[in-house]
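What follows is calculated from the coordinates using simple rules that are stated; it is not laboratory data. In this text the structure is predicted, and so the values were computed from the model without any measurement. Don't worry about glycine lacking a Cβ; one is built from the backbone with ideal geometry, like all the others, and counts go over all protein chains shown.
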Amino acid sequence: MTWPVTLKLDISAYPLSVVQRAAYSLADTVAIQIGIEANQISLTADPTEARLTLSPEQAHSLILQHLNDFALRDHINRETAGLREILARAALAGCGISQ
């Protein structure tokens, strides 16, 4: 594998917001260009510095790790949205603040 590192992602597995968060979190290591094609997101990553010691294979793995991390966070956020709303209402009611 050589630079640039290219990944093709299914948009149903990795929504654009997840891909953007992962790209931002890696901005100090790799510069990622995001493209959208029919039901796919294309990522092209280049090192941010010429002296980067990260190999293309390591960058590929790192990008996938961040994508999976942010996809899981997004899933947990969606699954717990109702619970967070209930807790917020209970906290506000406990403080005497009604909605």
With label points set 7 Å from each Cα along the Cα-to-Cβ direction at Ser55 and Ala88, the distance between them in nm comes to 4.6 nm
Two pseudo-spin positions, 7 Å from Cα along C-beta at Asp46 and at Ile11, lie apart in nanometres by 2.6 nm
Kirkwood Rh over alpha-carbon pairs of the chain plugged into Stokes-Einstein at 4 °C, 1.567 mPa s gives a D in µm²/s of 84 µm²/s
When the chain is treated as a Gaussian network with springs between alpha carbons less than 10 Å apart, the largest mean-square fluctuation among Ile32, Ile63, Ile11 is found at Ile11
Helix-only [θ] at 222 nm, the chain, -39500 (n - 2.57) per DSSP H run of 4+, per residue, nearest 500, equals -16000 deg cm²/dmol
